[in-house]
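Before any comments, here is the structure.
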Amino acid sequence: FLFKHFARSCPRRVLDIGTGTSSLPHLMSHCGASVVAIDKFEGYWVKRPFNRHFLIVQDDVCESRMTGFYDMITCIDVIQHIPHQLQALETIARLLRPGGIAIIACFFNETHHVADVYRLQGSGVHNPPDNMSCQILSRVDIENWSRITGLQIVDEELWNCFTGEFWTFGQRLEPPQRSGPAEQHHVICLCLAKP
């Protein structure tokens, strides 16, 4: 999903949010973009991760010191771990140039917002760290992001990853299966554009 939109838009400047140990910024830089990768190390990671692929800048997307404009901002498998996602989305909207796009992938359920799926009975995650929560976002959450930030949904994909109703419930499907709004799904991939 991300690289489909990367190929269509050919971004020159990219910001990757919540990189952790991922090689994603490295891959995007090899596709010709100038990439900046950020992560909040303190307060989230028990031990600061080492990224052997790319230099990561310490920054909190909710209180970002980043300036300038980016053609594309990516936030993959991160937003569900941010307690105040709207602050993160407002930062994304601020840093996107007009006409720029944000690619966000997060845990999702069409109708149910879950404050912390890791702490629900039946979750496949046992003994999560005290400083880590994992929300499941709903359609209402996504629509609020768009309404408040002005970012417009231009494309989305839904994916079914487990046999149960929520993320980590039941058996993991390998590989994940493309899904639709009326079918079970656990992940949404969004392309949001700044007018």
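The values are calculated or read from the model by the stated rules, or taken from the named source; none is laboratory data. Just so it is clear, the structure is predicted and the values come from calculations on it, not from any experiment. A quick note on method: Cβ atoms are made from the backbone with ideal geometry, for glycine too, and the neighbour counts reach across all protein chains shown. Protein only, heavy atoms only, side chains kept; ligands, DNA and RNA dropped before computing areas. Shrake-Rupley method; radii C 1.70, N 1.55, O 1.52, S 1.80 Å.
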Is there a residue in the range 173-180 that is modelled with pLDDT of 95 or more, open to solvent by 20 Å² or more (accessible area, probe 1.4 Å) and among the basic types (Lys, Arg)?
-> yes
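State all residues of the range 23-46 that are at pLDDT below 95 and either hydroxyl-bearing (Ser, Thr, Tyr) or farther than 22 Å from Cys189 by Cβ (or both); if no residue qualifies, say none.
Lys40, Phe41, Glu42, Gly43, Tyr44, Trp45, Val46 - these are the residues of the range 23-46 that are at pLDDT below 95 and either hydroxyl-bearing (Ser, Thr, Tyr) or farther than 22 Å from Cys189 by Cβ (or both).
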Do we find that Phe107 is open to solvent by 30 Å² or more (accessible area, probe 1.4 Å), closer than 30 Å to Arg13 by Cβ, at pLDDT 95 or above and aromatic (Phe, Trp, Tyr) in this structure?
-> no
The range 148-195, residues that are of a type in the set (Asp, Glu), in contact (Cβ under 8 Å) with a residue 24 or more places away in the chain and more than 29 Å from Glu90 (Cα to Cα) = Glu165, Glu183
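Considering only the range 140-166, state which residues are among the hydroxyl-bearing types (Ser, Thr, Tyr) and assigned to a helix (DSSP H, G or I).
Taking the range 140-166 as the starting set, the residues that turn out to be among the hydroxyl-bearing types (Ser, Thr, Tyr) are 146, 149, 163.
Answer for the range 140-166, where residues must be among the hydroxyl-bearing types (Ser, Thr, Tyr) and assigned to a helix (DSSP H, G or I): Ser146, Thr149.
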In the range 121-138, anything open to solvent by 40 Å² or more (accessible area, probe 1.4 Å) and closer than 17 Å to Val187 by Cβ is listed as Gly124, Val125
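Can you tell me how many residues in the range 23-37 are small (Gly, Ala, Ser) and assigned to a strand (DSSP E or B)?
Within the range 23-37, residues that are small (Gly, Ala, Ser) and assigned to a strand (DSSP E or B) number 2.
Every residue, every condition in (1) among the acidic types (Asp, Glu); (2) in contact with a Ser or Thr (Cβ under 6 Å, 6 or more places away or on another chain); (3) surrounded by fewer than 17 Cβ atoms within 10 Å (Cβ to Cβ); (4) modelled with pLDDT of 95 or more, yes or no:
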residue	(1), (2), (3), (4)
Arg48	no, no, yes, no
Asp77	yes, no, yes, yes
Gln80	no, no, no, yes
His84	no, no, yes, no
Leu89	no, yes, no, yes
Ala93	no, yes, no, yes
